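This report concerns only the one structure given below.
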Amino acid sequence: MTCTSKIYYEAVVSVLRAIEEQEKASIDRAAAVLAEKIAEDRLIHVIGPGGHSNMAVEEVLWRAGGLAPVNGILDAGTNLIHGAKRSNIIERTPGYAKGVLDAYGVGAGDVLVIVNAYGINAMTIDCALECKKRGVTSVAITSDSFAKTVPKDAPARHPSGLNLYEIADIYINNHLPLGDAVVEIEGMEQKMGPTSTFANSFTINLLMIRTAEKLLAMGIQPPVWTSANLPGGDELNKRYEEKYFPRVK
């Protein structure tokens with residue numbers, strides 16, 4: 001490895017280690033809620049309100065080794081495929097989240113996993129506030145590094161200045177380093193090597209694994225996807241497709 005690649009590797013590993021070592025209790029608490037909802041034959045709603053946070057939703061939607069009853073909310077407004085700057089504008093639009101949650105049928109008694117590494121933009125905060133209005137349990141995968149540093153009146157923030165980690169029902173810290181990027185290169189002011197996608201994906205997969213363990217403890221076989229690329233994968237997945245696809249957007 002070059003020096004910078006080793007620095008990046010060690011920085012990412014340190015973030016993942018912190019999540020694994022320090023977030024067991026929060027993940028366990030959230031997994032208990034998710035398992036309960038699956039036992040009630042409800043969907044696990046997951047949203048990444050803003051830009052690259054959508055990648056955590058894609059990570060658990062129809063994913064080999066992932067839970068089948070995941071309703072991934074991949075709204076076109078913030079998805080980068082429709083324009084990066086457009087995504088940035090939409091995630092800062094107050095009130096936008098309400099219509100998105102309506103469209104995906106998020107309602108009373110449900111659970112919504114909100115994945116946003118920074119946890120400050122308008123759509124993210126509105127998702128959490130809508131959960132409180134609707135009687136939906138909110139699970140936040142986020143951090144406090146930016147939230148404690150970015151001024152309350154910064155353009156990136158919700159008008160209220162609220163932070164996701166403070167208002168969600170359950171907060172799982174993804175231990176995002178301030179600034180996200182971690183690799184310094186001589187001759188450059190700006191760091192490279194972002195960490196947020198690693199942190200978000202690792203955390204949400206830990207949550208899904210723990211949820212499966214909770215289901216087994218309840219005497220329920222976890223509904224988990226098999227890779228469709230394996231022989232027999234399509235056949236194994238068909239039962240879950242028939243059960244969940246009519247309800248998963």
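The values are calculated or read from the model by the stated rules, or taken from the named source; none is laboratory data. No experiment lies behind these values; they were computed from the predicted model shown. Backbone-built Cβ (ideal geometry, glycine too); neighbour counts: all protein chains shown. Calculation scope for accessible area: heavy atoms of the full protein, side chains included, ligands and nucleic acids excluded. Shrake-Rupley method; radii C 1.70, N 1.55, O 1.52, S 1.80 Å.
Against the definition (out of contact with any Asp or Glu (no Cβ under 6 Å at 6 or more places or on another chain), open to solvent by less than 10 Å² (accessible area, probe 1.4 Å), among the β-branched types (V, I, T) and at pLDDT 95 or above), how does I167 come out, yes or no? Considered against the rule, which asks whether it is out of contact with any Asp or Glu (no Cβ under 6 Å at 6 or more places or on another chain), open to solvent by less than 10 Å² (accessible area, probe 1.4 Å), among the β-branched types (V, I, T) and at pLDDT 95 or above, I167 comes out as no.
Kindly evaluate L176 against the criterion of being in contact with a Phe, Trp or Tyr (Cβ under 8 Å, 6 or more places away or on another chain) and either loosely packed, with under 14 Cβ neighbours inside 10 Å or modelled with pLDDT of 95 or more (or both). Talk me through it step by step, then tell me what you get.
Values: in contact with a Phe, Trp or Tyr (Cβ under 8 Å, 6 or more places away or on another chain): yes; either loosely packed, with under 14 Cβ neighbours inside 10 Å or modelled with pLDDT of 95 or more (or both): yes.
Spelling it out, L176 is indeed in contact with a Phe, Trp or Tyr (Cβ under 8 Å, 6 or more places away or on another chain) and either loosely packed, with under 14 Cβ neighbours inside 10 Å or modelled with pLDDT of 95 or more (or both).
Looking across the stretch 109-156, the residues that are among the charged types (D, E, K, R), in a loop (DSSP other than H, G, I, E, B) and under 17 Å from the mean Cα position of the chain (by Cα) come down to D110, D144.
With respect to A18, is the statement that it is over 14 Å from the mean Cα position of the chain (by Cα), over 16 Å from D169 (Cβ atoms) and in contact (Cβ under 8 Å) with a residue 40 or more places away in the chain true?
Working: over 14 Å from the mean Cα position of the chain (by Cα): yes; over 16 Å from D169 (Cβ atoms): yes; in contact (Cβ under 8 Å) with a residue 40 or more places away in the chain: yes.
So A18 passes the test.
Could you give every pair whose Cβ atoms fall below 8 Å, whose first residue belongs to the stretch 31-47 and is within 15 Å of D169 (Cα to Cα) and at pLDDT 95 or above, and whose second residue is open to solvent by 50 Å² or more (accessible area, probe 1.4 Å) and not acidic (D, E), counting only separations of at least 6 or pairs across chains? Within 8 Å, the pairs are A31/R210; V46/L61.
Looking for whichever is open to solvent by 70 Å² or more (accessible area, probe 1.4 Å), farther than 28 Å from N237 by Cβ and touching a strand residue (DSSP E or B) at 6+ places or on another chain (Cβ under 9 Å) here; the options are R63, R86, R29. Which one fits? Full working, then the answer.
Details: R63 fails: farther than 28 Å from N237 by Cβ; R86 fails: touching a strand residue (DSSP E or B) at 6+ places or on another chain (Cβ under 9 Å).
Residue meeting the stated conditions: R29.
If a residue has to be over 22 Å from G161 (Cα atoms) and charged (D, E, K, R) to count, how many in the stretch 87-108 make the cut?
Taking the stretch 87-108 first, the residues over 22 Å from G161 (Cα atoms) are 102-108.
Restricting the remaining residues to those that are charged (D, E, K, R) gives 102.
Matching residues across the stretch 87-108 total 1.
Just one of the listed residues (G99, G105) is on the phi > 0 side of the Ramachandran plot and not in a strand (DSSP E or B), namely G105.
Residue-by-condition table, conditions (1) surrounded by fewer than 16 Cβ atoms within 10 Å (Cβ to Cβ); (2) of a type outside the set (V, I, T); (3) in contact with a helix residue (DSSP H, G or I) (Cβ under 8 Å, 6 or more places away or on another chain):
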| site | (1), (2), (3) |
| --- | --- |
| T4 | yes, no, no |
| V12 | no, no, yes |
| E40 | yes, yes, no |
| G50 | no, yes, yes |
| V70 | no, no, yes |
| D75 | no, yes, yes |
| I90 | no, no, yes |
| Y104 | no, yes, no |
| V111 | no, no, yes |
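Sub-8 Å Cβ pairs linking a first residue in the stretch 215-228 that is without any contact (Cβ under 8 Å) to a residue 12 or more places away in the chain to a second residue that is not in a loop (DSSP other than H, G, I, E, B), at least 6 apart or interchain, are Q221/L215, ordered by first then second residue.
With A117, A128, A154, A147 as the choices, which residue is over 21 Å from A39 (Cα atoms) and touching a residue at least 60 places away in the same chain (Cβ under 8 Å)?
Details: A128 fails: touching a residue at least 60 places away in the same chain (Cβ under 8 Å); A154 fails: touching a residue at least 60 places away in the same chain (Cβ under 8 Å); A147 fails: touching a residue at least 60 places away in the same chain (Cβ under 8 Å).
Going through A117, A128, A154, A147 in turn, just one is over 21 Å from A39 (Cα atoms) and touching a residue at least 60 places away in the same chain (Cβ under 8 Å): A117.
When the residues of the stretch 196-249 are filtered to those that are of a type in the set (F, W, Y) and outside any helix (DSSP H, G or I), the one that is surrounded by the fewest Cβ atoms within 10 Å (Cβ to Cβ) is F245. Checking the stretch 183-193 against the condition returns no match, with no residue being touching a residue at least 24 places away in the same chain (Cβ under 8 Å) and either touching a Cys at 6+ places or on another chain (Cβ under 9 Å) or surrounded by 21 or more Cβ atoms within 10 Å (Cβ to Cβ) (or both).
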